[in-house]
Amino acid sequence: MADRETDVMVNVMAEVQGSIADNESRLSGQALNLCHGGDLYTASQQFGTPVADWIDLSTGINPQYYPLPAFDSQAYQALPYLRPELDEAVRRYYADRPYQLASGSQPIIQFLPEVLDDMPVLLPDFGYQEHRQHWQAYGAELRYYPALDDVSARLAIEQALEQAELKGERFHLLVINPNNPTGLTFTPQQLADWADRLAPARS
């Protein structure tokens, strides 16, 4: 009887591990089509869980939204044109550093591949897919680092930097900090170190 129970347990564990492997394969950044976190229909189809059984934590559509202060009626009556006051405030904060004003990060994500040098880009293998989509559309060579844990991510990025330094090559490093949706984060000191090593003057 014990042997039979053991066999059943082994079979169950094999099925679970196979299911996990299948899910990890589907979630790979290289294979995943553009998919946003709030798309519960796609998620329910992929994982076999009814939409009603999901708890959606996407802040953009959460019915329990963040508390907001009262807005000036002007905010609802005029288009958000750039104004001298805004430009002055940004210059006062950032001094002479170059900057680009945008309504959220999406426009920046879209035009980054166009304004940066034509080089390979090292991306998180699992993250906000708009990044991959736009670099791919621009024709950039895509490379990936693991984004599920910080140890593997740092090791992969360090190895890529060391190889590039040895060969005298350059590449862009794309970091989503914190990564959406894995939560992977890097310290400002770590990012500054990588930025220094990737600077054109070092190549």
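Under 1.5 on a/c is rounded, so check that first for the range 150-203, then, if it is not, pick prolate when a/b is larger than b/c and oblate when it is not; a ≥ b ≥ c are the square roots of the alpha carbon gyration tensor eigenvalues. Prolate, since a/c reaches 1.5 and a/b exceeds b/c.
Diagonalising the gyration tensor over the Cα atoms of the range 67-135 and scaling each eigenvalue by 5 before taking the square root yields semi-axes of 30, 18, 11 Å, largest first. For the range 88-203, which whole percent of the accessible surface, found with a 1.4 angstrom probe, sits on carbon and sulfur atoms? The computed percentage sits at 50.
Rounded to the nearest whole Hz, the Karplus-based 3J(HN,Hα) values (6.51 cos²θ - 1.76 cosθ + 1.60, θ = phi - 60°) of the range 96-111 follow the sequence 9, 5, x, 8, 9, 7, 7, 7, x, 7, 4, x, 5, 4, 5, 9, with x at glycine and proline.
Considering the range 86-202, its Cα convex hull presents a mean projected area of 8.0 nm². A cut-off of 5 Å between modelled amide H atoms, ignoring neighbours fewer than 5 places along the same chain, links Tyr145 with Leu123, Asp125.
In loop segments of the range 73-117 as defined by DSSP, the chymotrypsin sites (Phe, Trp or Tyr not before Pro) with at most 13 further C-beta atoms inside 10 Å of their C-beta are Tyr81, Tyr99.
The values are calculated or read from the model by the stated rules, or taken from the named source; none is laboratory data. All values reported here derive from a predicted model rather than from experimental measurement. Every residue, glycine among them, receives a Cβ derived from its backbone with ideal geometry; neighbour counts consider all protein chains shown. Calculation scope for accessible area: heavy atoms of the full protein, side chains included, ligands and nucleic acids excluded. Shrake-Rupley method; radii C 1.70, N 1.55, O 1.52, S 1.80 Å.
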